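Please read the structure below before turning to the comments.
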Amino acid sequence: MSYIFVSCTADNVAAMASTGYEAARRLEAGNPKGGGGSRTAHGHGHGRTAHNMSSSSLRKKSDLSLLSKVRCGLLRTILTNLQEIFLGTKLFILFPAVPLAIAANYLHFGRAWLFALSLLGLTPLAERVSFLTEQIAYYTGPTVGGLLNATCGNATELIIALFALHRGKIEVVKCSLVGSILSNLLLVLGSSLFLGGIANLHKEQSFDRKQADVNTGLLLLGALCHILLLAFDHAVSSGEQAADVAPRLWLSRACSIVMLLAYVAYLFFQLKTHRQLYESEEEEDDDNDDAVAQDEAVIGFPSALAWLLGMTAVIAILSEYVVATIEAASDSWGISVSFISIILLPIVGNAAEHAGAIIFAFKNKLDITLGVSLGSATQISMFVVPLSVIVAWIMGIKMDLDLELLETGSLIMAILITAFTLQDGTSHYLKGLVPLLCYLAIGACFFVSKSPANQINDVNAGVLTT
Amino acid sequence: MAGARSMSPWPSRKRSDLEMLVNARSDTLRNFLANLHEVLLGTKLFPLFPVVPLAIAARCFRFGQAWVFSLSLIGLIPLAERMSFLSEQIASYAGPTVGGLLNATCGNAPELIIALLALHKDKIGVLKWSLLGSTISNLLLVLGSSLFCGGLANLNKERQFDRKQADANLMLLLLASLCHILVLTYCYVVKNDIYMVDAISTLELSRTCSIAMLVAYIGCMFFQLMTHRQHFESQEEDDDIVSDTPVIGFASSFAWLVGMTMFVTILSNYVISTIEAASESWGMPISFISVILLPIVGNATEHAGAVIFAFKNKIDITLGISLGSSAQISLFLVPLTTVVAWIKDIHMDLNFKLLETGTLVLAILITTFTLQDGSWHYLKGLVLLLCYVVIAAVFFFYQTPLDHVYVAPVEVNGYR
């Protein structure tokens, strides 16, 4: 991880030549909190979780030499911001999809086009949101930064879930959340371990298994709640228990509260008491690579906040389009809505993290890869899912934790296979190939199943007739 | 050079005493007699050899069908052992990688032949049961009895094993259990009209999963034979090992192998044809015969080999034999039969029904958790053995109507 930091204002053209932390001090936005001086002074102080570091691998160094010629200070600041935000990522070529998607909505292009463009547009926006969250984290200190990451790390999935909830598409919510968990556990982890194993064929590949253990335990707790709901359902329908919908909803809500408590405890564990388990290996690798890891913020706190709000608004718009046009896309492409929700949506939403995880696996930094994939899966399972249930409770929508038999079975097997894969602390490419093939099998299963369209819009509940 | 599995049958071999043949004058006659001696008498199982012609005679002279069944079963035991001996001989000519590949594909040749014959005669139930039974018997019976006997014999010795090999095989088995669970759940969902699909999509799902399993198996072969070979070398430096040089020529071993395969095919044909009659006359369900009896017989020599290696505290070889066999059957034979059925347009899928899938998945999970800490003792073996006894009891009492053995014609929303 290189600490080459090249960004400065035109006032310090001379300072550009010195690559070091002194240049960082003269940022226009004032001094960041927490003392951003030498590496040894702050150590790991800026909450650089694995999540942040993975997406930073997609960033590139901004070259601000062009802007040094612009005379007006304000214009220069705005242009610097713009350059940093829009061009500071390798994904910037996808940015035009965003206005295209908005145009497609107003010019009434085909609905399937709107769906595809919105999906494409979500990818760079998700990456920029995590970048901006990281920038804000520099100003607020490590703990708040970690908390921010823990809540907004999967902002895209959260926003899609809330919109789908708002439109009463309960099945899309459940399927997309299950799909995110499955994609993080099997696809991201599998492809990273596979490619990393092939790239490091003759090296020792090990990782710290404590982190994996903690995450697996939480995931199993989530799976238990889903199984309980399913078994309760079965007991009701086979007549062992006489009940109607209400107890099942209350059971779901109680389980959601339990899951949120577990997540809060996990955050406490991660950020306070056992922080040392989660420190990323920042001092070990001193050689330069093209990943730009900046210990200092590149844009000011107010602008970061403003941009974050703006990006979130645009994400909300695009997610709205996605949720609205999902059936039309399913019809015109001939694949089921469950396949789109479980497989396509999470792949797109996760693309930036996925790429980052693979890049770190190539560099044999498996702890970061695991932090990204397992951490995301845990966050969705223990935070986004129960949060959706609680929000639905508040909105008066009857959403419960009842996933269908197929989804629950896939989820449990995925967790078990991941737990087994990671349990001895070493890795090789076969350990990546098997989860990848599991994901392929699960994808095939959902590909061949076609659910009737009218079940998606069932406003009353996620209750399917069984 | 030899992998763990190809070392299995040698404990039941004995050195042939060739002094008597020295006196035969003609060279070719002497060679031929030496071959015969080596092949037919080079095993402790040779008393069972006369059963082979007896079985063929029983079929031709129309003895009771139950007799034909039992004689064919017993005759399969020495033939299976000799087949693996002959493939080992060929492997020593062909080099380690090809030898490993040969072992990986033909190591369970009798099970493969039985499976393909059952497929050909459209007895899909027997096919699925026999493959299931082979997997479970390797995982629970062979491994359990080896760990139990070996644990008792080595009570005070070092008892660790190398996890990497076991892990690779167990991961493959977990993939297989995922595929079976997916197909089973999917069929259940189809049956209950939750999703509106037709039975063809179950077949498509099974075929996709079969291809995934075959890719995983090929990946594991690559892993074992090319990139991570060092984990799988068996401990060859020890004392009483049989010679690495082959005892019969390449041409003759090939010829003998072809001959033995023919006999195995003939006897397996008798077994498959007479299984219902045997089940009726013995009063046991077909499921019990297919799941328990057939694999015990077919696996007898590997079983004996695994137990003997466990006695000698060479548990890595035992694990290689039992887990490797299970992985081969579950991830190579099962998808292979699905693909062959696809080519022949027979309706075979991965749906092993609830009881069978449940026992398979639980057996894999129990073995996984038993082996996960890298040590072993006799109690682990005892638990696995008792699991096998319980499963055998379930299938003993699992009476199914006779026509359950055959597959029903494809129905819309069909599920049997």
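The values are calculated or read from the model by the stated rules, or taken from the named source; none is laboratory data. Treat the numbers as computed from the prediction; the structure is a model and nothing was measured. All Cβ positions, even for glycine, are placed from backbone atoms using ideal geometry, and neighbour counts span all protein chains on display. Remember, those area values only see protein heavy atoms, side chains included, never the ligands or the DNA or RNA. Shrake-Rupley method; radii C 1.70, N 1.55, O 1.52, S 1.80 Å.
Within region B:144-166, can you find the residues that are out of contact with any Phe, Trp or Tyr (no Cβ under 6 Å at 6 or more places or on another chain), open to solvent by 10 Å² or more (accessible area, probe 1.4 Å) and within 14 Å of chain A (Cβ to nearest Cβ)?
Scanning region B:144-166 gives B:160, B:161, B:162, B:163, B:164.
Kindly list the number of the only condition in (1) under 14 Å from residue B:348 (Cβ atoms); (2) buried (at least 21 other Cβ atoms within 10 Å of the Cβ); (3) within 19 Å of the chain's Cα centre (by Cα) that fails for residue B:202.
Only one criterion is unmet by residue B:202, namely (3).
Take the residues in region A:443-458 that are open to solvent by 20 Å² or more (accessible area, probe 1.4 Å) and at the interface with another protein chain (Cβ under 7 Å from one of its Cβ atoms), then tell me which one is modelled with the lowest pLDDT.
A:452
Evaluate the following for residue A:419: is it under 25 Å from the mean Cα position of the chain (by Cα) and either within 11 Å of another protein chain (Cβ to nearest Cβ) or at pLDDT 90 or above (or both)?
The answer is yes for residue A:419.
Among the residues that make up region A:276-286, is at least one of them assigned to a helix (DSSP H, G or I) and at pLDDT below 80?
Among the residues of region A:276-286, at least one is assigned to a helix (DSSP H, G or I) and at pLDDT below 80, which makes the answer yes.
Check whether at least one residue in region A:175-195 is open to solvent by 40 Å² or more (accessible area, probe 1.4 Å) and in contact (Cβ under 8 Å) with a residue 40 or more places away in the chain, and report yes or no.
Yes, region A:175-195 contains a residue that is open to solvent by 40 Å² or more (accessible area, probe 1.4 Å) and in contact (Cβ under 8 Å) with a residue 40 or more places away in the chain.
For (1) within 22 Å of residue B:343 (Cβ to Cβ); (2) of a type outside the set (Ser, Thr, Tyr); (3) in contact with a Leu (Cβ under 6 Å, 6 or more places away or on another chain), each residue gets a yes or a no:
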position: B:114; (1), (2), (3): yes, yes, no
position: B:119; (1), (2), (3): yes, yes, yes
position: B:127; (1), (2), (3): yes, yes, yes
position: B:148; (1), (2), (3): no, yes, yes
position: B:152; (1), (2), (3): no, yes, no
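Does any residue in region A:199-212 that is within 12 Å of chain B (Cβ to nearest Cβ) and within 11 Å of residue A:364 (Cα to Cα) come within less than 9 Å, Cβ to Cβ, of a residue that is among the charged types (D, E, K, R) and assigned to a loop (DSSP other than H, G, I, E, B) six or more places away or on a different chain, and which pairs are these?
The qualifying pairs are A:200/A:363.
Among the candidates B:141, B:170, B:175, B:184, single out the residue that is open to solvent by 10 Å² or more (accessible area, probe 1.4 Å), touching a residue at least 60 places away in the same chain (Cβ under 8 Å), facing another protein chain (nearest Cβ under 10 Å) and within 30 Å of residue B:351 (Cα to Cα).
None of the other options fit; the residue is B:184.
Does region A:422-442 hold any residues that are open to solvent by 10 Å² or more (accessible area, probe 1.4 Å) and under 23 Å from the mean Cα position of the chain (by Cα), and which are they?
A:433, A:436, A:437, A:439, A:440
Would you mind stating whether residue B:82 is surrounded by fewer than 24 Cβ atoms within 10 Å (Cβ to Cβ) and among the charged types (D, E, K, R)?
Considered against the rule, which asks whether it is surrounded by fewer than 24 Cβ atoms within 10 Å (Cβ to Cβ) and among the charged types (D, E, K, R), residue B:82 comes out as no.
Select from region B:339-364 the residues that are within 13 Å of chain A (Cβ to nearest Cβ) and open to solvent by 40 Å² or more (accessible area, probe 1.4 Å) and write down the one among them that is nearest to the chain's Cα centre (by Cα).
Residue satisfying both the conditions and the ranking: B:362.
Failed condition for residue B:132, given (1) more than 10 Å from chain A (Cβ to nearest Cβ); (2) open to solvent by less than 10 Å² (accessible area, probe 1.4 Å); (3) without any contact (Cβ under 8 Å) to a residue 24 or more places away in the chain, with all others met?
With respect to (1) more than 10 Å from chain A (Cβ to nearest Cβ); (2) open to solvent by less than 10 Å² (accessible area, probe 1.4 Å); (3) without any contact (Cβ under 8 Å) to a residue 24 or more places away in the chain, residue B:132 is out only on (3).
How do the pairs read when you match residues in region A:261-276 that are closer than 14 Å to residue A:142 by Cβ with residues anywhere that are polar (S, T, N, Q) and surrounded by fewer than 18 Cβ atoms within 10 Å (Cβ to Cβ), using Cβ under 9 Å and keeping only pairs 6 or more apart or on different chains?
What qualifies is A:271/A:143; A:272/A:143.
List pairs: first residue in region B:348-363 and within 20 Å of residue B:123 (Cβ to Cβ) and among the aliphatic types (A, V, I, L, M), second residue open to solvent by less than 30 Å² (accessible area, probe 1.4 Å) and assigned to a loop (DSSP other than H, G, I, E, B) anywhere in the structure, Cβ distance under 8 angstrom, at least six positions apart or on different chains.
Every condition considered, the pairs that remain are B:360/B:352.
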